[in-house]
Amino acid sequence: MLLFISNFQGVTATIQLTLLLTFVLMLGLISWQTLETIRVYAWQKKIAAEKLQNKQLNDYLKSVEHQYLELRKFKHDYKNLIASLNTQDNISEIKDYLTDYTQSGEFRASLNDGSIASVQHLKNEICAG
């Protein structure tokens, strides 16, 4: 099309070649820029997906750590309960003791105490995991 218009207008061959080369160069640069934009967009999407995955893994790690601490508390309390029951000779004394203990403030506070496992104090998430 460019050559046809230049022939119609009487443009010299040197100017035709210059216009043609400029057109091809601009077309190439526009194509390169389009491909580069697509590549950068895909890279940004990949980074965003990796960040989301890392956040989800971190949340999962915290959830597992919390469940681990709760299990440790339960096992600790269960072992203490069995050990104390084994030391008692009289069932009525055991019932009285359990009734008194479960109504005490110490019992309620111990349910919320999370100091059993030393893992909870680790700030490095990789080591805690």
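What the table shows:
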{"item": "All lysines inside 20 Å of residue 45 as judged from Cα atoms, apart from same-chain residues fewer than 8 positions distant", "result": "55"}
{"item": "Integer Hz, Karplus 6.51/-1.76/1.60 couplings in order for segment 64-80, x for Gly and Pro", "result": "5, 5, 5, 5, 4, 5, 5, 5, 4, 4, 4, 4, 4, 5, 5, 4, 5"}
{"item": "Rounded if a/c under 1.5, otherwise prolate or oblate - segment 43-86, Cα gyration tensor axes", "result": "prolate"}
{"item": "Karplus-derived HN-Hα couplings along segment 47-62 (A = 6.51, B = -1.76, C = 1.60, θ = phi - 60°), whole Hz, x at Gly and Pro", "result": "5, 4, 5, 5, 5, 4, 5, 5, 5, 5, 5, 5, 4, 5, 4, 5"}
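Bear in mind that the values in this text are calculations on the coordinates, not laboratory data. All figures in this text were calculated on a predicted structure; none of them were measured in a lab.
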